[in-house]
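**Student:** Quick one: this structure, given as structure tokens, is what I'll be asking you about.
Bear in mind that the values in this text are calculations on the coordinates, not laboratory data. Values in this document were obtained by computation on a predicted structure and should not be read as measured data. Neighbour counts run over all protein chains shown; Cβ positions are idealised from the backbone, glycine included.
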Amino acid sequence: MTSLERAAPLVAWAEPSSVVRFFLDTWTVAQGELRKIAHDPTELLTRAVQPILWLLVFGQVLAQARAIPTGSLGYMDFLAPGVLAQSALFSAIFFGIAVIWERDLGVLHKYLVSPASRLSLVSGKALAGGLRALVQAVVVYAVAAAIGIHLRLGVAEVLGVILVTVLGAACFATFSLIIACLVRSRERFMGIGQVLTMPLFFASSAIYPVALMPSWLQVVAHLNPLTYQVDALRALMVVGGTATFPLALDFGVLAVSLAVLLAIAARLYPRLAM
């Protein structure tokens, strides 16, 4: 046996497996996206205004009006998880426009000729979209605590909120990426994004219980991943909050939705460069 043959097992051992390579590439792409925010945090600061307005203006008015029955849970406590999910949705749904900018600047082609798999590229972008939503989570928690909303602050509950927030935002960031791959135009993307955000938001349990909806809208709400994100957040985030569905189902729907969307996005991603 030659010295090269004896060294071959050591070389093979040193090379990372495909699974490890996938996670390394995913994290590298996510880091690149997060560095953009560090250089220009203006977008996050402006989006932080929206949950503040919902909690301080919209929520306070409806709480005084007592127009929406929420059982033993006060309306502001009921609303806070919905505002967190809503702000994460609104931030994530326009995430795809950055991909169109990357195509126009030539960055997309550099991604596509890299050794990273298409799935790791879109997974990295989804992870970055999910992590961006944590800024909104911090804002919502701070405002909610300031106005007296009863928050669960146990380690398990906070970690659960972080996971649900990242999962939900990653789902909608990937959905946004799919739209960008299909329309391939900033103008059309902005129009479609604006059309989709309100139906997704109002066809969920973010600001009122699903039971108050007409039967046809309840069907839509049960197909909407945002409903399950809000449901899990409500159980984990506020004292006295309960989940309509089992928490395992909430997490399962978000995880399966993300997996399906990532598979679609990975298939469509090269199309954006055409």
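**Student:** What does the charge count near Ile264 come to, summing +1 for each Lys or Arg and -1 for each Asp or Glu among other residues with Cβ under 13 Å from its Cβ?
**Tutor:** +3
**Student:** A further question follows. Any idea what angle helix 42-53 forms with the longest principal axis of the chain, computed on alpha-carbon atoms, 0 to 90 degrees, nearest 10?
**Tutor:** Orientation of helix 42-53: about 20 degrees from the principal axis.
**Student:** May I pose another question? Calculate how large, on average over all directions, the projected area of the Cα convex hull of region 141-249 is; give the answer in nm² to one decimal.
**Tutor:** Reported value for the Cα convex hull: 8.3 nm².
**Student:** What angle, in degrees between 0 and 90 and rounded to the nearest 10, separates the Cα long axis of helix 155-183 from the longest principal axis of the Cα atoms of the chain?
**Tutor:** Orientation of helix 155-183: about 70 degrees from the principal axis.
**Student:** For Val107, Val220, Val143, what's the fewest-to-most ordering of other Cβ within 10 Å of each Cβ?
**Tutor:** With the fewest neighbours first, Val107, Val220, Val143 line up as Val107, Val220, Val143.
**Student:** Compute the helix-to-body angle for 118-146: its Cα long axis versus the longest principal axis of the chain, expressed 0 to 90° and rounded to tens.
**Tutor:** 30
**Student:** Also, I was wondering about something else. On average over all directions, what projected area in square nanometres does region 53-97 have, based on the convex hull of its Cα atoms? Walk me through the numbers on the way to the answer.
**Tutor:** Numbers: hull surface 13.7 nm².
For region 53-97, the mean projected area of the Cα convex hull comes to 3.4 nm².
**Student:** For the chain, with only Lys/Arg (+1) and Asp/Glu (-1) charged at the beta-carbon, what is the dipole magnitude about the Cα centre, in debye rounded to 20?
**Tutor:** Computed charge dipole of the chain: roughly 440 debye.
**Student:** Taking the Cα centre of the chain as the origin and placing charges on Cβ (Lys, Arg +1; Asp, Glu -1), which of Gly154, Val135, Ile179 is farthest toward the positive end of the dipole?
**Tutor:** The one lying farthest along the dipole's positive direction is Ile179.
**Student:** Between Tyr228, Phe78, Pro115, whose Cα lies farthest towards the positive end of the dipole of the chain when Lys and Arg beta carbons carry +1 and Asp and Glu beta carbons carry -1, centred on the Cα centre?
**Tutor:** Farthest towards the positive end: Pro115.
**Student:** Take the chain, connect every pair of alpha-carbon atoms lying under 10 Å apart with a spring to form a Gaussian network, then pick out the residue of Trp54, Trp27, Trp216 with the largest mean-square fluctuation.
**Tutor:** Judging by the Gaussian network model, the answer is Trp216.
**Student:** How many angstrom separate the Cα center of region 123-185 from the Cα center of region 205-274?
**Tutor:** So the separation of the two Cα centres works out to 12 Å.
**Student:** To check my understanding: the extent here is largest minus smallest coordinate of the Cα atoms along each principal axis. What are those three numbers for the chain, in Å, largest first?
**Tutor:** Principal-axis extents of the Cα atoms in the chain, largest first: 81, 43, 38 Å.
**Student:** Here's a follow-up. Got a sec? How would Val161, Val230, Val256 order by Cβ neighbour count within 10 Å, fewest to most?
**Tutor:** The order, fewest Cβ neighbours first, is Val256, Val161, Val230.
**Student:** What translational D, rounded to a whole number of µm²/s, comes out for region 42-140 from Stokes-Einstein when the hydrodynamic radius is the Kirkwood one over Cα pairs, at 25 °C and 0.890 mPa s?
**Tutor:** Value of D from the Cα-based Kirkwood radius: 156 µm²/s.
**Student:** Right, next: Determine, for Arg271, Arg234, Arg188, the number of other Cβ atoms within 10 Å of each Cβ, and report the residues in order from fewest to most.
**Tutor:** Ascending number of Cβ neighbours within 10 Å: Arg271, Arg188, Arg234.
**Student:** How far is it, in nm, from the label point at Arg186 to the one at Leu223 when both lie 7 Å from their Cα along the line to the Cβ?
**Tutor:** My value for the distance between the label points is 3.3 nm.
**Student:** Measure off 7 Å from each Cα along the Cα-to-Cβ vector at Gln64 and Arg271, then give the distance between these two points in nanometres to one decimal.
**Tutor:** 5.0
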